[in-house]
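What follows is a short report on a single structure.
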Amino acid sequence: MKKKDPTAVTMAARTAVILFVFVIIFTGLLAGAYLWTKPALEASAAEEKMKLIDEVLPRSAYDNELLKDTVMLPASPLLGNDEPTFAYRARKGSQPVALVLEAVAPDGYSGRIRLIVAIAVDGGIAGVRVTQHKETPGLGDYIDPKKDKNKVRPWITQFNGLTYAAVADKEWKVKKDGGRFDFVAGATVTPRAVVKAVRKATKYVAENQNDLYASK
């Protein structure tokens, strides 16, 4: 049996050690870079989230740290979510003011439509915004106020001030279906989906409001 060359064995061992040290150093550098940038990344994400929340609930309406006053919501057919999400609880002087939560309309024309909804403690809708959709550009995308041609009264603002208790179920439809909500001709699937999702979200809050504010 041929003996191994001691020199070759030594070189292989040395190479392995060098590679191991390199991996350790590289991993340490990556970990260090992550820890160094993590606060900035988290701050940026929080800022973007607050910009979105500002569209449905002005900061003057509350005085608590909204992003830190949360409650986890389990997956619910009323919210359209298939996994848990967070609701943000707005308070002023420690008194409940509003809830901000996510909802999903699963039956948009081109797939899921994600929403953010702010509901005041009295049950009134403070604001609704679409956060993600794939609806047809120039036709069904008027649900997004940035793309809605009506800048004076964007379509999505029709929900402002409405409550689940005060609006009959038959009214939570577009006018074409006998309801109260406007729509653009040729693009009714999209608003139908949004109206239905907002109605379900307001129903969810109406049925669980006390628990949502009380839970820690």
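Values as computed for the structure displayed
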{"read-out": "Residue that is nearest to ALA197 (Cα to Cα), among those in the stretch 161-187 that are aliphatic (A, V, I, L, M), exposed (fewer than 14 other Cβ atoms within 10 Å of the Cβ) and in contact with a helix residue (DSSP H, G or I) (Cβ under 9 Å, 6 or more places away or on another chain)", "value": "ALA165"}
{"read-out": "Any chance ALA206 is touching a strand residue (DSSP E or B) at 6+ places or on another chain (Cβ under 7 Å) and within 21 Å of VAL56 (Cβ to Cβ)", "value": "no"}
{"read-out": "From the options ALA75, ALA90, ALA98, ALA120, residue that is free of Cβ contacts under 8 Å to residues at least 60 places away in the same chain, closer than 22 Å to ASP211 by Cβ and surrounded by fewer than 18 Cβ atoms within 10 Å (Cβ to Cβ)", "value": "ALA75"}
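Computed from the coordinates by the stated procedures, all read-outs in this text should not be read as laboratory data. This is a predicted model, so every value here is computed, not measured. Every residue, glycine among them, receives a Cβ derived from its backbone with ideal geometry; neighbour counts consider all protein chains shown.
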